[in-house]
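Participant: Right, I'll just put the structure down here and ask away after.
Computed from the coordinates by the stated procedures, all read-outs in this text should not be read as laboratory data. In this text, all values refer to a predicted model and were calculated from it rather than measured experimentally. FYI the Cβ positions are ideal-geometry reconstructions off the backbone, even for glycines, and counts take in every protein chain you see.
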């Protein structure tokens, strides 16, 4: 083929983001595909085509190398490149086009990809954020103190931790967390038992996949956290509902013959109902776990935000610690975007879980970890908790007050003992999913209480208050009143 003719349909855009060799390669490949170039057609030499296109010879050579690597052209010493035999190329292309269905998601992948949020939220709900459950107050975040800690961490951290070592967590943070949890929550652990991960959900998936097999039984609070349900279902576990009442998870309600491999509980502040697990039930759960050889996944949800009364000791510290994996996160006390959570694991499982964590790539930025270690040690974290605890309590009380005044007996609300959200229970005849859909149209992402249940039959909303100002609360309750009135 004449090099000037070939150059005519090589449309090069020198301002495009695509490199010139790639543009030449794509143009020739396209010409072969639509039969403008046929088997045996000779292409110009690299020197001739470079001159015709006003590009360097290296640019053309790079394009020819790509074409040769894909078998589109044949290159022989001393000869011009030629288009390869089209029969084999056509057969391969036809096979690709007609070779059956494209691969899809596996059964295991489908379980992993389930959208648990669709059980509790409206589809594609826009959110103003202020009343969304689990959302902390961004306006209370100590930006200046945190920024200084980050800058110091970036200057200070060096050595192996910046390479591929210490994937279980920054050593200083693991040590700080072990000490902090011992003082504040009665958790008994060495630093080597603390693993730092991006989220509590990551912890749940890692533990579930590492410590159970498909078909194993898992107990899950009912109603309970959908993230735990998602982790169990993705791992192929059989879930048995663990009833919850005003005294927390009721272990005595479970069949004596049931032998779970994993048990998920939120004993300090049950999610979503907000109850605390009575001591006799906590001790009974430890005994059942020991008898069954089960691991308890203790999610110490919102234990930092106790508004009144004394905190109950962590389940992990009540027993030997060998039957409990303790989960915690900084997503509520700091911000979810920091992506830092942790788990305290039995000593015998620390090695396997740390290796599984590394293999799964569930790692956290080292500078963020170093900054958090300093933030806790310096006392900034404790001071921050004290400030936001007071703010959250005031906002929660305001939400209860406004709800009772505006909604009357249609909605039952109680001030929680702590946390960042509360439950608003509906009376008979009110469908919480319908109310959630109406609230979504008004821009609010509150969640349906019924969606958290397995066997439990409940109707109501879970409403966040941590990120809501007084004006936000007034507007949100007005929107809820209209939603209940179908306006």
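Participant: Ranking 358, 188 by Cβ neighbours within 10 Å, fewest first, what do you get? Please report the intermediate quantities before stating the final value.
Facilitator: On the way: 358 13, 188 18.
In order of increasing Cβ crowding within 10 Å: 358, 188.
Participant: In nanometres, what is the gap between the two model label sites at residue 359 and residue 190, each 7 Å from Cα along Cα-to-Cβ?
Facilitator: 2.3 nm
Participant: Moving to a separate point now. Highest first, please rank the peptides 370-381, 248-259 by the mean number of other Cβ atoms sitting within 10 Å of their residues. Walk me through the intermediate numbers first.
Facilitator: Working: 370-381: 19.9, 248-259: 15.3.
Ranking, from highest mean packing down: 370-381, 248-259.
Participant: Also, quick follow-up: How many nm is it between the label spots at residue 112 and residue 79, if each spot is 7 Å from the Cα in line with the beta carbon?
Facilitator: Each label point lies 7 Å from its Cα, and together they span 4.8 nm.
Participant: The list [x] 34.6, 106; [y] 30.0, 92; [z] 23.8, 112 gives values of Rg and Dmax of the Cα atoms in Å, and only one came from this structure; which label was calculated from it?
Facilitator: [y]
Participant: Another question, then. Compute the distance from the alpha-carbon center of the stretch 261-277 to that of the stretch 346-372, in whole Å.
Facilitator: About 25 Å separates the Cα centre of the stretch 261-277 from the one of the stretch 346-372.
Participant: Tell me the relative contact order for the chain as a rounded percent, counting alpha carbon contacts under 8 Å between residues six or more apart. Each step should come with its number before you reach the end.
Facilitator: Details: 836 pairs, mean separation 91.7, N = 487.
Relative contact order, the chain: 19 percent.
Participant: While we're here: What ranking do 462, 435, 413 get, fewest neighbouring Cβ atoms within 10 angstrom at the top?
Facilitator: Numbers: 462 26, 435 23, 413 20.
Ascending Cβ contact count within 10 Å gives the list 413, 435, 462.
Participant: May I pose another question? Taking the 0 to 90 degree range and rounding to the nearest ten, how far is the long axis of helix 57-69 tilted relative to the main principal axis of the chain, both from C-alpha atoms?
Facilitator: 70 degrees
Participant: Between the helical axis of 432-441 and the dominant principal axis of the chain, each derived from Cα atoms, what acute angle in degrees is found, rounded to the nearest 10?
Facilitator: Around 50 degrees separate the two axes.
Participant: I've got another one for you. Could you tell me the center-to-center distance, by alpha carbons, between the stretch 127-180 and the stretch 420-461 in angstrom?
Facilitator: 33 Å
Participant: Determine the gain in length on full extension of the stretch residue 290-residue 425; use 0.36 nm per residue of separation and subtract their C-alpha separation, reporting nm with one decimal.
Facilitator: On the way: separation 135, 0.36 × 135 = 48.60 nm, distance 3.61 nm.
Extra length from residue 290 to residue 425 when fully extended: 45.0 nm.
Participant: Rounding to the nearest 10 and keeping the result within 0 to 90°, find how far the Cα-based axis of helix 200-211 lies from the longest principal axis of the chain.
Facilitator: Taking the Cα atoms of the chain, the angle to 200-211 is about 80 degrees.
Participant: Also: Report, for the chain, the % of DSSP beta bridges that are antiparallel, rounded to 5. Don't skip to the end; give the middle numbers.
Facilitator: On the way: 24 of 41 bridges.
Taking every DSSP beta bridge with both residues in the chain, the antiparallel ones total about 60 percent.
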